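Trainee: Let me give you the structure first, and then I'll get to my questions.
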Amino acid sequence: MRRKIIAGNWKMNKTPSETVTLINELKPLVASEEADVVFCVPAISLTTALEAVKGTNIAIGAQNMYYEESGAYTGEIAPNMLTSIGVKYVIIGHSERREYFAETNETVNKKVIKAFEHGLIPIVCCGETLTQREQGITIDFVRQQIKIAFLNVTPDQAKIAVIAYEPIWAIGTGKVATTEQAEEVCKAIRECIAEIYDDATAAGVRIQYGGSVTAASAADLFSQANIDGGLVGGASLKADFGKIVNYK
Ligand code: 13P
C-alpha cells in the first residue's frame, strides 16, 4: 500500500516572515498519521521554513534546482545546497518552469538524475495543454515526458520518485480534471513506468494529481486507485490545505 503524499507548491508567494506566519497557522491543521506532507516554498525561505517545521510532520521541498554541482551558473541553486540544510524534496519540471523558463524534457531528465544522486526525492511534473487534450494526444504526450524524465534513472531510484500529473488547463484555472480524467492519465503513467522498469517499480512510485485541487475535490481524486495524493497550488496557502491533507 502506497503512502499518500500531499504537497503544497507555494510558487512565488510569501516572504520569509510571511512563511513563518503561514506555517504556524497550518501546522496544527496538517497533522496526519496517514500522509506525507510537504511544503515547497521559495528558495529564499527554505532555511526559515525548515526551522519553523521542526518537531512537526511537515517536510520541506524546493521548487527547482540546477543539475550541475557548482560553478559559474548565476542565479542557480545546486543540489548539495538543498541537502546541506535539510531539504528532502524538489519539484522538477513544473509546467510553469517549462513555459516561462525554457525547461525541456532533457533538462528535466538531467535534474532528476542529479536529485537522486544527492538523495533528494524529485517530484517530477508532467501534463498536457488544452490543445493536446482536445487533439486526443494526452496519453502519448505524457508518456513521452515520463520516458525522457526517467532516462538512465535506476529502478531503485524510480520506485521512490514522486510524479505529479498536472494538466496545464487545470492549473490555477479553477477547472479540476474529473476523477475519471485524472485516474486515466495517472494509470497510464504507472503503466509507462512498468514498461520502462517492471511492475514492482511501478507499484512503488507515488503519483499525485495537481490542478485546482480544493478541499471539495480532494477526497474523490485521492481515493482513485492510481492517485496517491496531490500537488496543490493556490489552496496550499490557506487553511483549506488542512482539509485537503485530512481529506477522508
Ligand atoms: P493550483 O492548485 O493553483 O491550480 O496549482 C497547481 C499547481 O501548479 C501545483 O504545482
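Read the figures in this text as sums done on the coordinates, not as results from a lab. Keep in mind that what you see is a predicted model, and the values were worked out from it rather than measured. Note: ideal-geometry Cβ built from the backbone for every residue, glycine included; neighbour counts use all protein chains shown.
Trainee: Which one, S17, S212, S32, has the greatest fluctuation when you compute a Gaussian network model over the chain with C-alpha springs under 10 angstrom?
Mentor: S17
Trainee: If you only keep lysine pairs separated by 8 or more in sequence, or across chains, how many in segment 1-153 come under 22 Å at the Cα atoms?
Mentor: For segment 1-153, qualifying lysine pairs total 21.
Trainee: I want to verify a result. In a Gaussian network model of the chain, Cα cutoff 10 Å, which of these has the top mean-square fluctuation: S95, S70, S45?
Mentor: S70
Trainee: In addition: On the principal axes of its Cα set, how long, how wide and how thick is segment 97-138? Give whole Å, largest value first.
Mentor: 39, 18, 13
Trainee: Using only the Cα atoms of segment 1-105, what semi-axes does the equivalent ellipsoid have when each is the square root of 5 times a gyration tensor eigenvalue? Give whole Å, largest first.
Mentor: Equivalent ellipsoid semi-axes, largest first: 24, 16, 14 Å.
Trainee: Within 14 Å, Cβ to Cβ, of M65, how many net charges do the neighbouring residues add up to if Lys/Arg are +1 and Asp/Glu are -1? List each step's numbers first, then the result.
Mentor: On the way: positive: K88, R97, K110, K111, K114; negative: E68, E69, E76, E103, E117.
Within the 14 Å Cβ shell, the charges total 0.
Trainee: Quick one: what do you get for segment 109-248 if you divide its Cα Rg by 2.2 N^0.38 Å? All intermediate terms of the calculation are to be shown ahead of the outcome.
Mentor: Details: Rg = 14.6 Å, N = 140, 2.2 N^0.38 = 14.4 Å.
Rg over 2.2 N^0.38 Å, computed on Cα atoms: 1.01.
Trainee: At q = 0.11, 0.23, 0.26 Å⁻¹, work out log10 I(q)/I(0) for segment 72-153 with the Debye formula, treating every Cα as an identical point scatterer and leaving solvent out; two decimals please.
Mentor: -0.33, -1.13, -1.31
Trainee: Around E195, what is the net charge, scoring Lys/Arg as +1 and Asp/Glu as -1 over all other residues with Cβ under 11 Å from its Cβ?
Mentor: Once all neighbours under 11 Å are counted, the net charge is 0.
Trainee: I'd like the distance separating the alpha-carbon centroids of segment 96-174 and segment 1-52, in whole Å.
Mentor: Using only Cα atoms to place each centre, the spacing works out to 22 Å.
Trainee: Taking only C-alpha pairs under 8 Å that are 6+ residues apart, what is the relative contact order of segment 135-210 in percent?
Mentor: Numbers: 72 pairs, mean separation 34.5, N = 76.
About 45 percent, as a whole number.
Trainee: What residues have an amide H closer than 5 Å to that of G210, excluding those fewer than 5 places away on the same chain, when H is modeled at 1.01 Å from N in the peptide plane?
Mentor: Amide H to amide H, under 5 Å and 5 or more residues apart or across chains, G210 pairs with Y165, E166, L231.
Trainee: If you line up the Cα atoms of the chain on their principal axes, what length do they span on each, largest first, in Å?
Mentor: Sorted largest first, the three principal extents are 45, 45, 33 Å.
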